[in-house]
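Below is one structure; the comments refer to it alone.
The values are calculated or read from the model by the stated rules, or taken from the named source; none is laboratory data. Model, not experiment: these values are computed from the prediction. Cβ sites come from the backbone with ideal geometry, for glycine too, and all protein chains shown count toward neighbours.
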């Protein structure tokens with residue numbers, strides 16, 4: 001299987017079908033089947049790092065795969081009784097905004113609406129991430145990011161529709177920080193990364209020095225795969241419970257349909273690829289964490305196709321042309 005995957009990857013690389021690919025790590029039942037590192041221009045958010053020769057220890061933006069990690073942290077904190085359950089009214093947790101809570105429509109918002117990105121407010125991220133018209137960038141530029149999110153114009157009742165929203169994740173990050181008394185990176189290091197043996201990471205912050213719960217995490221691909229293995233094992237690692245099993249199951253339960261057809265749970269995508277259930281974290285540029293439970297398989301992909309409309313092609317090609325045929 002390992003040789004077949006490597007040969008198939010060579011084929012698609014030589015055919016130019018995985019442009020911008022930086023790294024792939026595929027793990028089956030704890031055994032690494034494929035580990036590939038390339039080279040190419042990379043960025044930390046919008047800052048060019050120049051041409052990077054990637055290796056096992058090289059940290060990489062995982063962009064919005066960060067969202068899926070943040071929700072794992074929420075589950076850990078919930079298991080400790082430090083954050084509110086999904087049914088909790090959201091604005092009751094942001095008492096600094098009594099004017100917003102007084103609005104009956106906004107008062108209907110719950111934590112679950114943040115978890116499923118169904119806040120029902122105006123939020124556009126289908127614009128370049130260097131544009132202040134992009135809602136996530138506007139949030140970063142706002143004097144108060146949480147007020148910016150919570151006072152967005154209401155378009156429809158919460159829970160009606162999935163709308164991609166980094167602001168929803170920012171709210172969850174704030175609840176984790178408030179509940180645990182630690183910053184997101186501090187809590188992640190203590191409760192997730194250290195138990196997984198992840199020694200090196202970066203978590204980028206905005207101008208207010210708040211770690212970006214939506215897109216700020218930088219990890220080595222091997223460690224992204226470890227997070228996938230944790231999900232595959234329903235929250236256990238090396239015989240130790242890290243994330244409550246019931247949270248993993250709840251997190252991966254499909255709840256709403258995305259704009260392109262995949263299902264959405266709590267900050268994880270759920271879809272079927274060639275008859276296999278795939279749960280995934282996805283990030284701008286072609287960052288992917290694929291978990292295929294029926295195959296016992298985890299695949300981490302990093303790439304440099306940021307803001308490219310066809311950025312999805314590289315990780316999908318890796319999964320469908322390299323990984324899955326070798327498991328048949």
query: Identify, please: which residue in segment 227-253 is within 14 Å of the chain's Cα centre (by Cα) and not in a loop (DSSP other than H, G, I, E, B) and is, among those, farthest from residue 287 (Cα to Cα)?
result: 251
statement: Inside segment 101-119, the number of residues satisfying the requirement of being over 20 Å from residue 213 (Cβ atoms) and in contact with a helix residue (DSSP H, G or I) (Cβ under 8 Å, 6 or more places away or on another chain) is 3
message: For a quick check of your reading: which strands (runs of 3 or more DSSP E) sit entirely within segment 1-74 and have at least 1 residues that are touching a strand residue (DSSP E or B) at 6+ places or on another chain (Cβ under 7 Å) and closer than 22 Å to residue 319 by Cβ?
response: 21-28, 31-37, 39-44
task: Could you list, in sequence order, all residues of segment 265-288 that are surrounded by fewer than 22 Cβ atoms within 10 Å (Cβ to Cβ), within 12 Å of residue 117 (Cα to Cα) and in contact with a strand residue (DSSP E or B) (Cβ under 6 Å, 6 or more places away or on another chain)?
output: 269
field: Residues being buried (at least 16 other Cβ atoms within 10 Å of the Cβ) and part of a loop (DSSP other than H, G, I, E, B) - total across segment 98-111
entry: 2
- prompt: residue 168 fails exactly one of the following numbered conditions: (1) in contact with a helix residue (DSSP H, G or I) (Cβ under 7 Å, 6 or more places away or on another chain); (2) modelled with pLDDT of 95 or more; (3) over 25 Å from residue 243 (Cβ atoms); (4) assigned to a helix (DSSP H, G or I). What is the number of that condition?
  reply: (3)
message: Being under 15 Å from residue 28 (Cβ atoms) and touching a helix residue (DSSP H, G or I) at 6+ places or on another chain (Cβ under 8 Å): is that true of residue 273 here?
response: no
task: Mind telling me which of the residues 298, 302, 245, 317 ends up being at pLDDT 95 or above and over 27 Å from residue 16 (Cα atoms)?
output: 245
message: closer than 25 Å to residue 199 by Cα, in contact (Cβ under 8 Å) with a residue 60 or more places away in the chain and surrounded by fewer than 18 Cβ atoms within 10 Å (Cβ to Cβ): is that true of residue 53 in this structure?
response: no
